[in-house]
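> Questions regarding the structure given below will be posed in turn.
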Amino acid sequence: MELARTSSVSTIHVPTSISKTQLTKPNLLNFQFNPIPSSSFSRIHGKTSSKSKLFTTISPSPSPSSVSTESIGPPEPEVEVETKGEKFDWYAQWYPLMPVCDLDKRVPHAKKVLGLDVVVWWDRNESEWKVFDDACPHRLAPLSEGRIDQWGRLQCVYHGWCFNGSGDCKLIPQAPPDGPPVHTFKKACVAAYPSTLHHDIVWFWPNTDPQYKDIILKKQPPFIPELEDPSYTRTMGNRDIAYGYDVLVENLMDPAHVPYAHYGIMRTQTPKVKVDREGGRPVVLSVKKLDINGFDGDQEWGISKFIAPCIFYAYTKPFGESR
Ligand code: FES
């Protein structure tokens with residue numbers, strides 16, 4: 001469940017490309033991203049430093065006679081990263097919200113990402129999925145509790161205000177028809193996030209600042225060629241879990257826990273040197289590329305990549321290559 005096997009992504013420079021025939025039955029998973037607490041978020045954001053050293057987990061191979069958890073020396077620094085003071089902007093990224101196969105066009109859907117409550121709904125007038133703040137500008141009722149009206153607008157369930165795909169209020173039923181056009185007031189509009197359909201997944205950009213209105217023209221979500229290749233198997237999965245996506249991504253890129261946390265469930269390679277009963281071993285991982293946008297890792301079993309902030313994927317090495 002934890003490893004998504006596919007080949008390289010075009011947005012990452014990879015020294016070697018893997019041909020499609022070298023991979024079999026790719027099994028790509030998609031995960032539901034839950035909020036990270038604001039305190040955790042701030043902590044991560046504030047940790048960016050101007051210069052850092054990466055310590056890989058390559059450890060010296062212990063000889064059979066010296067096998068001990070204490071005999072493994074500290075890892076050698078392998079990659080030095082100069083970030084030039086760059087800060088990763090968590091709110092200036094594309095985030096996957098839901099695979100479209102799990103969305104019903106007839107009703108609005110509530111989602112929470114980065115602590116933001118949003119509503120995803122199908123705008124049949126523009127034939128697009130829309131992502132709004134899940135709060136009506138009138139009395140903050142969740143718009144995800146509302147309905148799609150007969151004109152295809154998102155209607156609040158509380159007093160019936162209606163919104164078009166841009167978040168503009170098109171109707172306040174209680175407003176007298178010969179009175180001021182209160183529905184056109186800015187305060188009557190709901191915040192609409194940039195959104196797009198990509199790889200049959202609805203993505204959104206968690207920032208409604210007008211500068212990002214057409215962000216899709218400048219920056220697209222990461223492109224994964226295999227997801228558009230019918231010769232590959234594609235499986236979408238979606239599950240709400242009670243922790244942030246950052247915890248899950250970190251778990252996926254952490255092979256050291258597998259012999260223990262998945263003991264008896266997931267098979268792992270038989271270690272050359274048996275450190276303990278469960279099959280723990282020194283992890284061999286070489287980071288080939290690292291910058292503010294992620295890393296490429298080379299492990300015994302294959303290649304793994306992280307595309308910040310929330311995509312991790314990996315593929316096994318072709319037969320014949322070092323494992
Ligand atoms: S709270 Fe939405 S219309 Fe009143």
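> Would you work out the relative contact order for the stretch 95-208, in percent, from Cα pairs under 8 angstrom that are 6 or more residues apart? Walk me through the numbers before you get to the answer.
Values: 235 pairs, mean separation 29.1, N = 114.
In percent, rounded to a whole number, it is 26.
> To the nearest 20 debye, what is the magnitude of the charge dipole of the stretch 95-208 about its Cα centre, counting +1 on the Cβ of each Lys and Arg and -1 on the Cβ of each Asp and Glu?
So the magnitude is around 180 debye.
> Still on this structure, I have one more. Counting other C-beta atoms within 10 Å, and keeping those with at most 16, which DSSP coil trypsin sites (Lys or Arg not before Pro) do you find in the stretch 180-228? Kindly include the intermediate steps, with their values, before the conclusion.
Details: sites: K186, K187, K213, K218, K219; in loops: K213, K218, K219.
Taking the stretch 180-228 and a limit of 16 other Cβ atoms within 10 Å, the loop trypsin sites (Lys or Arg not before Pro) found are K213, K218, K219.
> When you count, for each residue, the other Cβ atoms within 10 Å and take the mean per peptide, how do 311-317, 292-298, 265-271 rank with the highest first? Can you show the working numbers first?
Values: 311-317: 21.0, 292-298: 18.0, 265-271: 11.0.
Ranked from most to least packed, the peptides come out as 311-317, 292-298, 265-271.
> Given N residues in the stretch 95-208, what is its alpha carbon radius of gyration divided by 2.2 N^0.38 Å? Before the final figure, lay out each step's value.
Values: Rg = 13.7 Å, N = 114, 2.2 N^0.38 = 13.3 Å.
Expressed relative to 2.2 N^0.38 Å, the Cα Rg reads 1.03.
> Which FRET efficiency, nearest 0.05, do H159 and R124 yield, Cβ-Cβ r, R0 22 Å? Could the numbers behind the result be given before it?
Numbers: r = 23 Å, r/R0 = 1.04.
Rounded to the nearest 0.05, the efficiency is 0.45.
> For V284, enumerate residues with amide H under 5 Å from its amide H, sequence gap 5+ or separate chain, H modeled in the peptide plane.
Placed amide hydrogens put E300 under 5 Å from V284.
> Determine, from the Cβ-Cβ distance of Y260 and S286 and an R0 of 22 Å, the FRET efficiency 1/(1 + (r/R0)^6), rounded to the nearest 0.05.
Numbers: r = 23 Å, r/R0 = 1.04.
The formula returns an efficiency of 0.45 here.
> State, to one decimal in nm, how far the label point of D214 lies from the label point of V107, with both points 7 Å from Cα in the Cβ direction.
In this crude label model, D214 to V107 measures out at 3.7 nm.
> What pairs from K130/K187; K87/K112; K87/K186; K87/K130; K111/K288; K213/K288 go past 27 Å between their alpha carbons? It would help to have the intermediate numbers written out before the result.
Working: K130/K187 19 Å; K87/K112 24 Å; K87/K186 33 Å; K87/K130 29 Å; K111/K288 36 Å; K213/K288 35 Å.
Over 27 Å apart, Cα to Cα: K87/K186; K87/K130; K111/K288; K213/K288.
Rule-based calculations on the coordinates, nothing more; no lab input. The shown structure was predicted, so the numbers you read here are calculated from the model rather than taken from an experiment. All Cβ positions, even for glycine, are placed from backbone atoms using ideal geometry, and neighbour counts span all protein chains on display.
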